[in-house]
Each structure stands twice: as structure tokens, then as C-alpha cells.
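Down below is the structure, laid out as C-alpha cells.
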Amino acid sequence: MHTEHTELRIEGANCPDCLNATLDAVRALPGVAAVTASSTAGCLVIDHTGVDESLLAAVLHDKLHGTATFGAELVMVAVDPITAELNCTHCNPGGDHGH
């Protein structure tokens, strides 16, 4: 099997604790070789072999959140990752992803 490279737009994922928990959960999936993300760039990159993309989407949907202010209250909001070819700037040239 060859390694797949999946890039996702994660705009609004501005909760660092949620992002770190999401990265840890994705890294724990069998077949995931590398995961990198940038909340400022709004992208997440996963290199994987034999991992169903619906499983990746389920983990991301469950773990990944952002925060927003409603009135005087800070609340968690859902982030819906979208698969896209983003050429994420947080990745090093040549496909070598920083961790």
C-alpha cells in the first residue's frame, strides 16, 4: 500500500488544547505515519496507509473544536474539517512534515 497524504482545512480550530488532543488521537490510529497542523494557517496534514478517511473524519469531528465569545461567555464551537489541496505552509518543502 502506498502512503496517502490528506490535507484538511480546519478554520476556526483556535483551541490549542483541543487541537493537541486531536493530533494525539489521530496519531494513535493504526496506519497513521505523521500528523501536523497549524491553527494559524487553518490546515491539518495526515500521512496514512490503509486508514479509512471516514474514520479520520469521525475522530476530527469528535475532538476538534474552536472557541467563540457569545456575550460575556466563552463557548466551544464545532469545527468541520474539509478535505482540500492546501499546500499547507507549515510543511517543509519536499513533503517532510515538521512535528
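Rule-based calculations on the coordinates, nothing more; no lab input. No experiment lies behind these values; they were computed from the predicted model shown. Counting neighbours? That spans all protein chains shown, and the Cβs are built from the backbone with ideal geometry, glycine included.
Details
- Here is the figure for segment 36-71: residues that are within 10 Å of the chain's Cα centre (by Cα) and without any contact (Cβ under 8 Å) to a residue 24 or more places away in the chain total 1.
- Checking each residue in segment 4-24 for being small (Gly, Ala, Ser) and either assigned to a helix (DSSP H, G or I) or free of Cβ contacts under 8 Å to residues at least 12 places away in the same chain (or both) picks out only Ala21.
- Restricting attention to segment 40-63, the residues being within 14 Å of Val26 (Cα to Cα) and either among the β-branched types (Val, Ile, Thr) or out of contact with any strand residue (DSSP E or B) (no Cβ under 8 Å at 6 or more places or on another chain) (or both) number 13.
- Among the residues of segment 26-49, those that are buried (at least 17 other Cβ atoms within 10 Å of the Cβ) and among the polar types (S, T, N, Q) comprise Thr36, Ser38, Ser39.
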